Every structure is written in C-alpha cells, then in structure tokens.
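Here the structure is laid out as structure tokens; the discussion comes afterwards.
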C-alpha cells in the first residue's frame, strides 16, 4: 500500500478556461490542452465549472472514463447526449426551468479511469479488502489510523 500523502493546491496553480457560456477551473488534470495539478498515481480530471444563465455546455470526455457531477446553484443535470461521437455529456439548464432565474449554475465535475481493483466499503472507510477494512477500524479504535 502507498503511504498517504496530502497536497495543497494554491489558487495560482488552478488554470481557468473561458468557455462559450461559462468558465472552467482545472482543479486537477487537464482540459483542452491546458494542464492543472496531477496526482502521482491515478490521473483524474476534476473541474469547477460555472455555467452562465440560460446556457448549456457540451462536455467531451474519454469514453473509458467514469464521470461524476455535483450540481449546485440551479443546474438541472448532466445527460449523455445521443449521437455525440466523443462520448461527452451536456451540462446546463433546460428552457423553462424556474431555477434559470439565478445568475449562474455551479458544477463540480470529476472523471477518471476505473481502478479495476477490489473495493471493501464500511461506512466512512474504503479499503481494498475486508481484512484491510477490519484493520482500519481496529486502528480507528486505537487512535492509530492515520500515521
């Protein structure tokens, strides 16, 4: 297992990309040729997206990646758009949505390749095996979980 490591990312390390209908901040990974901070082990793309009022943004992604979005401030959803050759999604507001009166919507978008590893989940703790999970809970009880 790899030793846990934490990294702070400063504001000047977060590239911003102006989009037609919004703005994208690259919290990790890359977008349209611009590179943000990248982890040492598993490459991911992590974006903070602002969608302007009554706008929708197309979103190209690699087909093998898995995607996850967290919507706030009036965004109505992400859906796979049929016929898109890039396997992308569209985020934004549908016409007639009452929430479109808000000035803009916010989206946190995360994508990356599947790990293809075993996962053992127990409440707030995720490990690779049941044995590792049991060891983690033992360490939590003893106060030695984070070393």
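The values are calculated or read from the model by the stated rules, or taken from the named source; none is laboratory data. Not measured: the values here are computed from a predicted model. Note: ideal-geometry Cβ built from the backbone for every residue, glycine included; neighbour counts use all protein chains shown.
So, in segment 44-58, how many residues would count as being at pLDDT below 85 and either outside any loop (DSSP other than H, G, I, E, B) or within 26 Å of residue 117 (Cα to Cα) (or both)? Steps first, answer last, please.
Restricting attention to segment 44-58, the residues satisfying the condition of being at pLDDT below 85 are 51-58.
Now drop any that are not either outside any loop (DSSP other than H, G, I, E, B) or within 26 Å of residue 117 (Cα to Cα) (or both), which leaves 51-52, 56-58.
Number satisfying all stated conditions: 5.
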If you check every pair at least six apart or on different chains, which have Cβ atoms under 9 Å apart with a residue in segment 3-14 that is touching a residue at least 40 places away in the same chain (Cβ under 8 Å) first and a residue that is surrounded by fewer than 10 Cβ atoms within 10 Å (Cβ to Cβ) and part of a loop (DSSP other than H, G, I, E, B) second?
4/146; 4/147
